[in-house]
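Report on one structure; see the data block that follows.
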Amino acid sequence: MAREDKLKLGTFVYTFGFHPAAWRHPASDVNGANDFSHLLNVAKLSEAAKFDFMFLADSPAAGVGDPDALARSPTKMNRFEPLSLLSALSVSTEKLGLVATVSTSYYEPFNVARLFASIDHLSGGRVCWNVVTSDHDETGYNFNREGLDPHALRYERGNEFVDVVFGLWDSFEDGALLLDRENGVYYDKTKHHTLNHKGKHFQVRGPLNIARSPQGRPVIAQAGGSEPGMDMAARTAEVVFSLASNIDRNRAFYQNVKGRMPAYGRDPNDLKIMPGVVINVAETEAEAKAKVEFLIDKLHPDVGRLMLSEFLEADLRGVPLDKPFPMDRLPDAPKGSRALFDELVDFVKKGRTVGELIRHYAEKHTGNGMTGTPKQIADFMEEWFESRACDGFILMFPTLPSSLTDFTELVLPELRRRGLFRDEYEGPTLRENLGLSMPDNRFTVARTKAGG
């Protein structure tokens, strides 16, 4: 049965593009990391295409590892703090959703609630918080810790963190602002609430000192394929990012996460599963593959080793490129994404060399790459969407803005011809455009149940 809804699409943003050699591409803006006009251009192109949102990936730390490799890989080494950038983009765009990553491990709930509520007002209801617990040791060293807290503890803290933020966002009910000049009453004190949260990890009195968000509360995004991650997503998330490497595996993930939602009193339609996919598109397959080969040629082996070391948590410095991957260097379990770790382990267990693995990363980015013609790209997206392996995609363009332009000029017309993607935005807020319901305010619900 054909779906009645349409694909959701978002632009994944590393400054120069998703490929680690993107900054070396002649079409890139080599000064773009600190140039607002470059990122505003990416936002404007995404908005003109009617994409749902622009997603700013982030980590609150510079990269660590081989200094020679880091000197060749600027993505983590020089970039804007995401909420500052979102604030600027919020008043420079009109309909595009704005997503930023903020870790529950290194903020306080009140800060996050206030920051995102403020940006949601600035943008007219278009902001989304990508909730992460962080998954690299280097982040902890900047926040009074010796590396990462244990995985279970990070998720325990993260769940309580989100609960507190949700409670703070409910501080003001809808209609609380009376703005009654004649009688001198600015807000209805019966519709302004103190949270008084006292939990294992946080004590937060509240209330939040900003009115209810234009979309009830900012949209919540999350990534993570572990059991705690999937359960947290089913309970709290409205957008989930996954790894688009295998349609059957992603369909099972889709059913798993959405199948958990009724237990939390949630409608599965209020969660959009959006795998990340690297797109290389051109009029012919040969031209598309040539784009891939160009970037592979620009990727220095030291950078490839560094990227794989981060994902696999294995020191690969000095490992010969023409030898099989040293399996004894793999950990028993990942600290970060389980799905991503499993994909790479499956690849290296086939006896592939380190050089082949680097090329695999460069070409397909751990298996989630799609290279081909507009029809082939559209066929891929339609199959995943119609078979309910996803609700849309995070488009991880190898280079920005050139790969984004290629997609909008070549693939979007085909998707629209098939009736798979919108011609115009459905509304002014991100929640409306994603087809998400407005969240209830807990205090309004309690008042209604009490007959008040």
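The values are calculated or read from the model by the stated rules, or taken from the named source; none is laboratory data. Everything quoted here is computed from the prediction, not taken from an experiment. Note: ideal-geometry Cβ built from the backbone for every residue, glycine included; neighbour counts use all protein chains shown.
Just checking, how many residues over the stretch 67-85 are of a type in the set (A, V, I, L, M) and at pLDDT 90 or above? Can you show your working first?
Applying the first criterion (of a type in the set (A, V, I, L, M)) to the stretch 67-85 yields 69-71, 77, 83, 85.
Narrowing further to those that are at pLDDT 90 or above: 71, 83, 85.
Matching residues across the stretch 67-85 total 3.
Restricting the search to the stretch 349-376, which residues are modelled with pLDDT of 75 or more and out of contact with any helix residue (DSSP H, G or I) (no Cβ under 8 Å at 6 or more places or on another chain)? Before the answer, list the steps.
Taking the stretch 349-376 as the starting set, the residues that turn out to be modelled with pLDDT of 75 or more are 349-359, 369-376.
Once the filter is applied, which keeps residues that are modelled with pLDDT of 75 or more and out of contact with any helix residue (DSSP H, G or I) (no Cβ under 8 Å at 6 or more places or on another chain), the stretch 349-376 yields LYS350, GLY351, THR353, GLU356.
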Residues within the stretch 404-439 that are without any contact (Cβ under 8 Å) to a residue 40 or more places away in the chain, of a type in the set (D, E, K, R) and not in a helix (DSSP H, G or I), tallied: 1
Restricting the stretch 24-60 to residues that are of a type in the set (Phe, Trp, Tyr) and crowded, with 24+ Cβ neighbours inside 10 Å, the residue that is farthest from TYR425 (Cα to Cα): PHE55
Only unsatisfied item for GLU81, checking (1) more than 30 Å from VAL292 (Cα to Cα); (2) within 20 Å of the chain's Cα centre (by Cα), is (1)
Which count do you get for residues in the stretch 173-203 that are under 28 Å from the mean Cα position of the chain (by Cα) and crowded, with 20+ Cβ neighbours inside 10 Å? 0
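Kindly indicate whether any position in the stretch 16-33 is of a type in the set (S, T, N, Q) and without any contact (Cβ under 8 Å) to a residue 24 or more places away in the chain.
Let us first name the residues in the stretch 16-33 that are of a type in the set (S, T, N, Q), namely 28, 31.
Now drop any that are not without any contact (Cβ under 8 Å) to a residue 24 or more places away in the chain, which leaves 31.
Yes - at least one qualifying residue is present in the stretch 16-33.
A quick yes/no check of all residues on (1) outside any strand (DSSP E or B); (2) free of Cβ contacts under 8 Å to residues at least 60 places away in the same chain; (3) more than 22 Å from PHE393 (Cβ to Cβ):
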{"position": "PHE241", "(1), (2), (3)": "no, no, no"}
{"position": "SER245", "(1), (2), (3)": "yes, no, no"}
{"position": "ASN250", "(1), (2), (3)": "yes, no, no"}
{"position": "ILE296", "(1), (2), (3)": "yes, no, yes"}
{"position": "LEU316", "(1), (2), (3)": "yes, yes, yes"}
{"position": "ASP328", "(1), (2), (3)": "yes, yes, yes"}
{"position": "ASP332", "(1), (2), (3)": "yes, yes, yes"}
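Does the stretch 293-308 hold any residues that are of a type in the set (A, V, I, L, M) and at pLDDT below 90, and which are they?
ILE296, LEU299, VAL303, LEU306, MET307, LEU308
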Candidates PRO374, PRO413, filtered to the one that is in contact with a Pro (Cβ under 8 Å, 6 or more places away or on another chain), surrounded by fewer than 18 Cβ atoms within 10 Å (Cβ to Cβ) and at negative phi: PRO413
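For the stretch 86-186, list the helices (runs of 4 or more DSSP H) that sit wholly inside it and hold at least 1 residues that are at pLDDT below 95; which are they? It would help to see each step written out before you state the result.
On the way: elements: 109-123, 137-140, 151-169.
Of the helices (runs of 4 or more DSSP H) lying wholly inside the stretch 86-186, those with at least 1 residues that are at pLDDT below 95 span 137-140, 151-169.
If we scan the stretch 219-226, do we find a residue that is in a strand (DSSP E or B), closer than 17 Å to ASN159 by Cα, touching a His at 6+ places or on another chain (Cβ under 8 Å) and among the hydrophobic types (A, V, I, L, M, F, W, C)? Even if it seems obvious, please write down each step before you answer.
Our first condition is that a residue be in a strand (DSSP E or B); within the stretch 219-226, this holds for 219-223.
Next, from what is left, pick out any that are closer than 17 Å to ASN159 by Cα: 219-223.
With the extra rule that they be touching a His at 6+ places or on another chain (Cβ under 8 Å), the set shrinks to none.
Within the stretch 219-226 (the criterion being in a strand (DSSP E or B), closer than 17 Å to ASN159 by Cα, touching a His at 6+ places or on another chain (Cβ under 8 Å) and among the hydrophobic types (A, V, I, L, M, F, W, C)), the answer is no, since none of the residues qualifies.
Looking at this structure, is PRO26 in a loop (DSSP other than H, G, I, E, B), in contact with a strand residue (DSSP E or B) (Cβ under 7 Å, 6 or more places away or on another chain) and more than 30 Å from PHE385 (Cα to Cα)?
On the way: in a loop (DSSP other than H, G, I, E, B): yes; in contact with a strand residue (DSSP E or B) (Cβ under 7 Å, 6 or more places away or on another chain): no; more than 30 Å from PHE385 (Cα to Cα): yes.
So PRO26 does not fit the description; no.
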Looking at (1) closer than 20 Å to SER226 by Cα; (2) surrounded by 14 or more Cβ atoms within 10 Å (Cβ to Cβ); (3) at pLDDT 80 or above, find the lone condition where ASP346 falls short. (2)
